[in-house]
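This report concerns only the one structure given below.
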Amino acid sequence: MPPGDDLPPEDPTDGDPFADMPEDPFADGLPPGLDEPLDDDAPTPFADLPGMPGMPGGFSLPDLSNLGNLDLSAMIGMLSSPGPVNWEMARQVARTVAGSDGVGPVDPAAPAEYAELARAAQAHVAAVAPRAASLDTRVRVCGAVEWADLHLESLRPVLEALATALGAEFQEAAAGEAAAGDPLAAMLPMLAPMLLGLQAGSLVGHLAQHALGRYDLPLPTADAPSLVFVAAHVDAFAESWSLPRADLRFYLAAREVIHATVRSEAWVRDRLRELTTAYVRAYDLDLGALEARFGDLDPSDPSSLESVVADPRELLGAIRSPAQDAVQAELRVFTTVLEGYADTVLETVGQRLLTSYDRIHEAVARHRIERGEAGRFAEALLGLDLDRDDYERGVAFCRGVVERAGTDGLERLWSGPAMIPTPNELAAPGLWLARIEIDQEER
């Protein structure tokens, strides 16, 4: 139910942010949507895209067998890294995995079309969320490889925090093994950055295979917000779900505008990154659980490194710690509100403009949940594994705020970190409104 539908009838123009806006520019340009409900057996988009062999759910590394022909000096050069992650290895792996998505090149007309849609979406979103009016709506239309390049860099602070935490364990292991006379011990300090580079690159590359835009997931990106579209994936998604392409593009443009607007608040980006960083820093590598893996590792055969990350869920279970529980609970509330806000504003805008809105929204909702083993591992690794109930809980909270305090009340969410609701307030938006009113009076 759209916000406010259960309230007493009022003057149709009273408080309507769209009342004074010009006639919808897409009235004749967007094709009509289809009225049939989504088929429960509809295929998951990109489910049949070619994966990399050898790992569950298509989660794997590129073929490294040819590296066994390198001489020792070349091997050491590859293993060497000045930091906790071998970023050159990460970049090569990310690009290789992302480039295996099997989707064609970018349509030359797509950048201009997305730029026009972004400007139109900004006008409509700004009527509900005034912060959007000042957003820089320059658009980047790219392929999966470019998406991977962008996000490997923007996720670098969080991935380095993870690598630093795990790398310290590798160093301790090296010291212990050296004392025991293990000849592999001298290799461990060089292997750690390479292993972590392989993992980081594979993670980002698999996310790129499914990306429609920049904000499919609440990733803790460190750079300034931007509007990014993987046009070939969007078109493939529209075809897979039999969705009107123009409607889907406008929907995604509006969604990207909303998310970029929220992330224009520096504290939002900082908070998301701080929570995720705290989560990954709390990993505790159980070397005993991984000892068998390293025992099978042959430093002269880099292809054997695949065995270390062959089962990502098992690897994750070996390093998770109870200290992460409290951080993840806080992170879950924050991302639930972030996604719920975006969905609520998008609903207000989209239902007025797109006859196919409900079908598109359901397809996109399934897309962000059904991302395969690799996607689920990436989300779990960063503490971002929201399920459908979390997204619905966020929408219910935001609708409750709008029903009681209007869209102006909802916009107060982004006034500062103190406005983020507690878990109890997330379940009872009236409690949140009462608290922020009291805080305001005390000031």
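For region 185-200, a tally of residues being at pLDDT 85 or above and within 20 Å of residue 273 (Cβ to Cβ) returns 1. So how many residues does region 334-346 have that are farther than 10 Å from residue 275 by Cβ and either surrounded by fewer than 20 Cβ atoms within 10 Å (Cβ to Cβ) or among the β-branched types (Val, Ile, Thr) (or both)? Of the residues in region 334-346, 4 are farther than 10 Å from residue 275 by Cβ and either surrounded by fewer than 20 Cβ atoms within 10 Å (Cβ to Cβ) or among the β-branched types (Val, Ile, Thr) (or both).
For region 137-154, how many residues meet the condition of being among the aliphatic types (A, V, I, L, M), out of contact with any strand residue (DSSP E or B) (no Cβ under 6 Å at 6 or more places or on another chain) and surrounded by fewer than 24 Cβ atoms within 10 Å (Cβ to Cβ)? Count: 2. Assessment of region 233-245 against the conditions (surrounded by 22 or more Cβ atoms within 10 Å (Cβ to Cβ) and under 18 Å from residue 120 (Cα atoms)) yields no matching residue.
The rows are residues; the columns are (1) in contact (Cβ under 8 Å) with a residue 40 or more places away in the chain; (2) closer than 22 Å to residue 386 by Cα; (3) not acidic (Asp, Glu).
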residue: 195; (1), (2), (3): yes, no, yes
residue: 208; (1), (2), (3): yes, yes, yes
residue: 213; (1), (2), (3): yes, yes, yes
residue: 218; (1), (2), (3): yes, yes, yes
residue: 225; (1), (2), (3): yes, yes, yes
residue: 247; (1), (2), (3): yes, no, no
residue: 261; (1), (2), (3): yes, yes, yes
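Regarding residue 336, is this residue among the hydroxyl-bearing types (Ser, Thr, Tyr) and over 24 Å from residue 281 (Cα atoms)?
No.
Considering only residues in region 112-133 that are out of contact with any helix residue (DSSP H, G or I) (no Cβ under 7 Å at 6 or more places or on another chain) and free of Cβ contacts under 8 Å to residues at least 40 places away in the same chain, the one that is farthest from residue 348 (Cα to Cα) turns out to be 112. Residue check: residue 320 meets all listed conditions (1) surrounded by 15 or more Cβ atoms within 10 Å (Cβ to Cβ); (2) at pLDDT 90 or above but one, namely (2). For region 246-264, a residue qualifies if it is among the acidic types (Asp, Glu) and either surrounded by fewer than 17 Cβ atoms within 10 Å (Cβ to Cβ) or more than 15 Å from residue 126 (Cα to Cα) (or both), and exactly one does: 247. In this entry, residue 396 passes the filter for residues that are closer than 24 Å to residue 131 by Cα, among the hydrophobic types (A, V, I, L, M, F, W, C), surrounded by fewer than 21 Cβ atoms within 10 Å (Cβ to Cβ) and touching a residue at least 40 places away in the same chain (Cβ under 8 Å). Look at (1) part of a helix (DSSP H, G or I); (2) closer than 25 Å to residue 209 by Cβ; (3) touching a residue at least 60 places away in the same chain (Cβ under 8 Å); (4) of a type outside the set (Phe, Trp, Tyr) and you find that residue 384 fails only one, number (1).
Condition check ((1) modelled with pLDDT of 95 or more; (2) in a helix (DSSP H, G or I); (3) touching a Phe, Trp or Tyr at 6+ places or on another chain (Cβ under 6 Å); (4) over 21 Å from residue 252 (Cβ atoms)) across all residues:
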| site | (1), (2), (3), (4) |
| --- | --- |
| 334 | yes, yes, no, yes |
| 341 | yes, yes, no, no |
| 368 | no, yes, no, no |
| 374 | no, yes, yes, yes |
| 399 | yes, yes, no, yes |
| 408 | no, yes, no, yes |
| 418 | no, yes, no, yes |
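The values are calculated or read from the model by the stated rules, or taken from the named source; none is laboratory data. As the structure is a prediction and not an experimental result, all values here were calculated from the model. So basically every Cβ, Gly included, is an ideal-geometry build from the backbone, and we count neighbours across all protein chains shown.
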